[in-house]
Amino acid sequence: MGLAKRIIPCLDVENGRVVKGVQFVDIRDAGDPVEVARRYNEAGADEITFLDITASHEGRDTTVHTVERMASEVFIPLTVGGGIRKVEDIRTMLNAGADKVSINTAAVFNPEFVQEAADRFGSQCIVVAIDAKKVSKPGEQDRWEIFTHGGRKPTGLDAVEWALKMENLGAGEILLTSMDQDGVKNGYDLGVTRAISESVSIPVIASGGAGNLDHLVDGIKEGKADAVLAASIFHFGQYSIPEAKKYMSDRGIEMRV
Amino acid sequence: MKTVAVIDYGMGNLHSVSKALEHVADANTRVMVTSDPEQILTADKAVLPGVGAIRDCMAEILRHGIDEVVREVVATRPLLGICVGMQVLLDHSEENGGVECLGLLSGDVKFFGKELRDSEGARLKVPHMGWSPVSQVEPSHPLWQGVDDNARFYFVHSYYAHVASEAMVVGRSEYGLGFDVALGHENIFAVQFHPEKSAANGLQLLENYLKWKP
């Protein structure tokens, strides 16, 4: 037995409520992120990622309060992403009980922020989120670029080179979302997942596109990811965490069961 | 009323540790987070957490006079070290070009290396991040009560402990190489993993610590 691959359910939270809710049986409040996180913890999730999509400034206080409540009741690692732009934002989330923060767009415009964050708080709590999209044409050598604004704005930055740069600046983990696939449920983009996972020496989380349990298996086996992140397949009751773990374990992947 | 002091020297995941302890503490146990040496020494037990680079942790420990407090604690009552809070109890760490530690347990902290591989030759990522099984070298130790042998705990670290005496090793794990993940010596219990983040197994270990009478 060795290190287990991880399953990470992701909650999109706006103003302290889970966006679109979660369809569990017997859940009291499917919109309460703390209740949802507790249920995932009981089901055997290996970590929780909390993505804050609150736009307003005032809403941030609600977010901090939610993270505090979650960290008081859920004793597995908790990553908070969304709106992390300054060292102060990181401090606030870590003090509230987050174990890691995920830095996204801010890093694209100010990569030194990643270095500052890692120096200040340690690489173990700095996750860099990368949104990548395939830009090579059919027949060309595969190439993926970093995109911002939900996949609308290209940056001209090569995704694999960027991941290496983030590692060198002190990132402790990469959260890789393939934009072509996100929400489409055709599975993770295994090409970019593998290209990045084999290039960097830090763990890579595959995200974006998981629609069934084979996709999770492929993310690990073909994409060489260390963890798989998924939202809707778990939220809407299509699969449970134990079911996913058993499926992956039956296919030779080491899981915490 | 019993008290447990979570030692705050500016480098720990104090919220997680204190909340997890509160979660398992009985009605007669109070958990306090404090950097005040006097207050720490009024507590019945102490917990020394720690995350980040060991150079910074040691610098803050010395700046707050926590080194003397920790020595006093382990001479008189139980101490639980977690992650870097375990590593600082040893003699020396390779991290940050070499850092002298507290020397309360004889041993060293070493780097996993950039070319770590598993038994089949596959490259292993560093940090070692996630859930690994812990084999109980001494299954009868009170802190393993109710925890299965090879139960998984949550780790995140790039450096590991190697102690001088086998007698101190209470738990081991493997990641490319075997290393010491739970140490027990007199009043000290120390773990590389994060019990406060290890779901039911971690909470059980913390509950056992609160009940422990070394």
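What follows draws every value from the coordinates through simple rules; no lab data is involved. Because the structure is predicted, anything quoted here is derived from the model rather than measured. Every residue, glycine as well, gets a Cβ built from its backbone with ideal geometry; the counts of neighbours run over all protein chains shown.
The table that follows gives values for the structure above.
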{"read-out": "Percent RCO, i.e. relative contact order, over the stretch B:109-214, from Cα pairs under 8 Å lying at least 6 residues apart", "value": "27"}
{"read-out": "Highest to lowest packing among A:107-116, B:181-190, A:78-87, scored as the average C-beta count within 10 Å", "value": "B:181-190, A:78-87, A:107-116"}
{"read-out": "Tail weight of P(r) past 12 Å, computed on alpha-carbon pairs of the stretch A:203-257, percent", "value": "61"}
{"read-out": "Inter-part distance where the stretch A:62-87 and the stretch A:174-206 are each reduced to a Cα centre, Å", "value": "24"}
{"read-out": "Cα gyration tensor shape of the stretch A:1-113, rounded if a/c is under 1.5, else prolate or oblate by comparing a/b with b/c", "value": "oblate"}
{"read-out": "Considering only the protein assembly as shown, percent of DSSP beta bridges that pair antiparallel, nearest 5", "value": "40"}
{"read-out": "For chain A: relative contact order, % (alpha-carbon pairs under 8 angstrom, 6 or more apart)", "value": "18"}
{"read-out": "Antiparallel bridge percentage (DSSP; both residues within the stretch B:2-211; nearest 5)", "value": "60"}
{"read-out": "Aspartates and glutamates with Cα under 13 Å of residue B:110, excluding same-chain neighbours fewer than 8 positions away", "value": "B:91, B:94, B:95, B:100, B:180"}
{"read-out": "Under Karplus coefficients 6.51, -1.76 and 1.60, residue-wise ³J(HN,Hα) of the stretch B:116-130 in Hz, glycine/proline x", "value": "6, 9, 7, 5, 9, x, 6, 5, 9, 6, 10, x, 6, 10, x"}
{"read-out": "Overall form of the stretch B:2-211 per C-alpha gyration tensor (a/c, 1.5; a/b vs b/c)", "value": "oblate"}
{"read-out": "Long-range amide H partners of residue A:52 with built H, under 5 Å", "value": "A:13, A:81, A:82"}
{"read-out": "For the stretch A:145-211: rounded, prolate or oblate by the Cα gyration tensor [a/c cutoff 1.5]", "value": "oblate"}
{"read-out": "Neighbour net charge for residue B:95 - beta-carbon separation under 13 angstrom, K R +1, D E -1", "value": "-2"}
{"read-out": "Solution diffusion estimate, µm²/s, Stokes-Einstein, the protein assembly as shown, Kirkwood Rh from C-alpha pairs, 37 °C, viscosity 0.692 mPa s", "value": "146"}
{"read-out": "Candidate lysines - alpha carbon under 25 Å from residue A:86, same-chain residues fewer than 8 apart omitted", "value": "A:100, A:153, A:165"}
{"read-out": "Evaluated at q = 0.09, 0.14 Å⁻¹: base-10 log I(q)/I(0), Debye formula over Cα of the stretch A:6-250", "value": "-0.35, -0.89"}
{"read-out": "Expected 222 nm ellipticity per residue - DSSP helices of 4 or more, -39500 (n - 2.57), all of the protein assembly as shown, to 500", "value": "-9000 deg cm²/dmol"}
{"read-out": "DSSP-defined antiparallel bridges as percent of all bridges, the stretch A:6-250, nearest 5", "value": "20"}
{"read-out": "Summed side-chain charge close to residue B:53 - residues other than residue B:53 whose Cβ falls under 13 Å, Lys, Arg +1, Asp, Glu -1", "value": "-3"}
{"read-out": "Partners for residue B:45 among lysines (Cα-Cα distance below 26 Å; same-chain residues under 8 apart left out)", "value": "B:2, B:19, B:197, B:211, B:213"}
